[in-house]
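In what follows, a structure is listed as structure tokens, so that the remarks can point back to it.
What follows is calculated from the coordinates using simple rules that are stated; it is not laboratory data. Every value quoted in this text rests on a predicted model; they were computed, and no experiment measured them. Reconstructed Cβ throughout: ideal geometry from the backbone, glycine too, with neighbour counts over all protein chains shown.
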């Protein structure tokens, strides 16, 4: 509690000295600038608070870790106390990142859900480390091992949250998500980061040797699988960290400007995550302490044929090798989670009535495990479909002209100008048809905010289970026409549905995270 109190004092000082809400502005402007137009959206009333709850929640993990170093004791009781806090923080952070992605998708009007922007990355890094922390706590609580690593992850999750706050508020990295940038605030947060992280890591270097693990495990075991899980998540976080801060390093050292974009992350982050998915499918099927590869023989007789059939079917349909392999991995993960759950309730091993009885007796943590893995599989399906099979077209159109994406035709029907209280707009109606048959009519707009001199694009979206139809209006005029962008986004909503399912799993896991009975999965 004392450590948590010191963190609170640090942020209270930050508010008082750099963001005093009682500071008067004199003389008061007759007509102020108002809120940034990009922030005039209901989604922004929810996205930052959820993100903030995730960041603040990891401060509890940080305090637990520092307290453990001071006392020189980390055990199963410590892990059971910490786990619900990490689950809640991780779940809120998952919701916050998801809502930010949804907001960027429909509000920024660029037709994407994730662009590896620095501000996106700095919220994603603590999520990756928090995911590793959840799994290491599981091992510590059951097998009394990985104590040092768990403490280090607890320190790192909150430290990365502070780094994220520093990036957003300091303006050292350019981002479309950075608002209310102030170098003075950045310096103060950097000072907090140096004191908190520097002090904790120094203490870790001096005291970590006192945290001795009492349990051991074989390489082929559930503990071994979870350790590999942690290593891959840490490597994934390292690639994101490098891609985010390398441009800043080059700017400081060589005074040169570079950018690191999606090609880098596709080449580094994606392979690590695919390897992680491979082990996630079979890891829960291993035994604790000392497993055997023979434990996987029967599950692999199901998983391998399912993977092969899905890959072949998707390749025949979509004509993409990488897309088919990635989609096969997603289905492989989903089936692996179901097999592990079936083992828990002895499905097809005992009479159905017995399995149903065991189903009702399962602890909350079992359902949390299954739902989180299924959620990741669903999200991965959406990510793969968006990355491989999305379509787009753009052109300067006048009323009556059209764009084509495959069998879809997007016709600009008309344009109507208008005005609201704080902005003027021009609204376009676009009719969409498929193979000549009407599908829907979409409305997109271009808004001009005179006070701030800003122009925003409001997307028109037709949401569907299998695909979204998306249109955006850019600059133009009556003489030359208007730039219209049209997109077909397959399974994009699956990304957010899967992420929210993972968050739900985290909250369910809280009910099985205390001192009661927990799952062996």
Practice problem: Using the number of other C-beta atoms within 10 angstrom as an exposure proxy, rank 237, 274 with the fewest first. | Solution: 274, 237
Practice problem: Compute the length gained on full extension between residue 396 and residue 257: take 0.36 nm times their separation in residues and subtract their Cα-Cα distance, giving the result in nm to one decimal. | Solution: 46.8 nm
Quiz item: segment 34-75 to segment 403-448: how many Å between their Cα centroids?
Solution: 40 Å
Practice problem: Using R₀ = 41 Å, calculate the FRET efficiency as 1/(1 + (r/R₀)^6) where r is the Cβ-Cβ separation of residue 293 and residue 210; round to 0.05. | Solution: 0.70
Exercise. Treat the count of other C-beta atoms within 10 Å as a stand-in for reagent exposure and order 367, 46 from fewest to most.
Key: 46, 367
Exercise. Return the distance in nm (one decimal) between the two label points of a simple spin-label model at residue 22 and residue 41, each offset 7 Å from Cα along Cα→Cβ.
Key: 3.6 nm
Quiz item: Would you list 470, 106 from fewest to most Cβ contacts within 10 Å?
Solution: 106, 470
Quiz item: Per the Kirkwood formula on distinct C-alpha pairs, the Rh of segment 1-140 is how many angstrom?
Solution: 17.7 Å
Quiz item: If you stretched the chain out fully between residue 359 and residue 264, how much longer would it get, using 0.36 nm times the residue separation minus the C-alpha to C-alpha distance?
Solution: 29.8 nm
Practice problem: Please work out the C-alpha center-to-center distance from segment 450-485 to segment 352-386 and express it in whole Å. | Solution: 39 Å
Practice problem: Would you calculate the separation in nanometres between label points at residue 249 and residue 319, each defined as 7 Å from the Cα along the Cα-to-beta-carbon direction? | Solution: 4.2 nm
Self-check item: Relative contact order (%) - the chain, alpha-carbon pairs under 8 angstrom, separation at least six
Solution: 15 percent
Self-check item: Rounded, prolate or oblate (a/c below 1.5 giving rounded, otherwise prolate when a/b exceeds b/c) for segment 117-164 by Cα gyration tensor
Solution: prolate
Quiz prompt | Distance in nm between pseudo-label sites at residue 191 and residue 477 (7 Å out along the Cβ direction from Cα) | solution = 5.2 nm
Quiz item: Given R₀ = 25 Å, FRET efficiency for residue 13-residue 70 by Cβ-Cβ distance, to 0.05?
Solution: 0.60
Quiz item: Over the Cα atoms of segment 391-494, what Rg and Dmax result, in angstrom?
Solution: 14.0, 45
Quiz item: Taking the mean number of other Cβ atoms within 10 Å as a proxy for protection, how do you rank 199-207, 369-377 from highest to lowest?
Solution: 369-377, 199-207
Self-check item: By average C-beta atoms within 10 angstrom, highest first, the peptides 323-331, 455-463
Solution: 323-331, 455-463
Quiz item: What order do you get for 339-346, 381-388 when each peptide is scored by the mean count of other beta carbon atoms within 10 Å, highest first?
Solution: 381-388, 339-346
